[in-house]
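Engineer: The structure that follows is given in the form of structure tokens.
The values are calculated or read from the model by the stated rules, or taken from the named source; none is laboratory data. Predicted model, so just to flag it, every value in this text is computed and none were measured. Cβ sites come from the backbone with ideal geometry, for glycine too, and all protein chains shown count toward neighbours. When the accessible area is computed, the model is the full protein with side chains, heavy atoms only, and any ligands, DNA or RNA have been set aside. Shrake-Rupley method; radii C 1.70, N 1.55, O 1.52, S 1.80 Å.
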Amino acid sequence: MAVPQLIRLPETIIYYGGSKTLFEAHAPLLRVFGGNAAYLGDDHGAPLLYDLALLTMLYGSVYGYLHAHAFLSTANISPTAFLPFATNWVNHVIAPSITSPDSARALEERNYATDVSPEYQQTRAGTHYSRQQGAGYPGRMAKAPARHCFAASR
């Protein structure tokens, strides 16, 4: 998980797989490239999977962020105005929900129960609103004022 600017930094993670003996013998040198040299086991493919998994999270987050701004732009809400709310949401809702041991355990157990509204309700509400405002999916965003965003739920 290192771009050129991150090489040599102590917090940089570089994943390694294969021979543990070989990794341990060269760990001091490998840590020069990235201080957080992570050995992931004998499987040479494991580092690639970790890299792709984290990139998937990155791309999904970035695309979600851009999509959120596309919605907001229909009501002339600037990214700067939205930033404090996005920051709060990421720090207090998103990050805790994907970094807690309980979340990891629930995934391992394939336990998708929740005590909040199911995802399908959010999807149905968004689709209904988009269609009501004349937006297709995929398609153009409707230029509706923000006050109409929850008209379908009233």
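Engineer: Within segment 6-27, does at least one residue satisfy the condition of being exposed (fewer than 10 other Cβ atoms within 10 Å of the Cβ) and assigned to a helix (DSSP H, G or I)?
Structural biologist: Yes, segment 6-27 contains at least one residue that is exposed (fewer than 10 other Cβ atoms within 10 Å of the Cβ) and assigned to a helix (DSSP H, G or I).
Engineer: May I pose another question? Please enumerate the residues belonging to segment 69-85 that are touching a helix residue (DSSP H, G or I) at 6+ places or on another chain (Cβ under 6 Å) and open to solvent by less than 60 Å² (accessible area, probe 1.4 Å).
Structural biologist: H69, L72, A75, F82
Engineer: Same structure again: In segment 15-37, which residue that is in contact with a Lys or Arg (Cβ under 9 Å, 6 or more places away or on another chain) and aliphatic (A, V, I, L, M) is nearest to L55 (Cα to Cα)?
Structural biologist: Restricting to residues being in contact with a Lys or Arg (Cβ under 9 Å, 6 or more places away or on another chain) and aliphatic (A, V, I, L, M), the top hit is A37.
Engineer: Oh, and also: Among (1) surrounded by 13 or more Cβ atoms within 10 Å (Cβ to Cβ); (2) of a type in the set (S, T, N, Q); (3) within 14 Å of the chain's Cα centre (by Cα), there is one condition S97 misses while meeting the rest; what is its number?
Structural biologist: Unmet for S97, out of (1) surrounded by 13 or more Cβ atoms within 10 Å (Cβ to Cβ); (2) of a type in the set (S, T, N, Q); (3) within 14 Å of the chain's Cα centre (by Cα): (1).
Engineer: So, T56, is that one surrounded by fewer than 14 Cβ atoms within 10 Å (Cβ to Cβ) and closer than 27 Å to S97 by Cα or not?
Structural biologist: Considered against the rule, which asks whether it is surrounded by fewer than 14 Cβ atoms within 10 Å (Cβ to Cβ) and closer than 27 Å to S97 by Cα, T56 comes out as yes.
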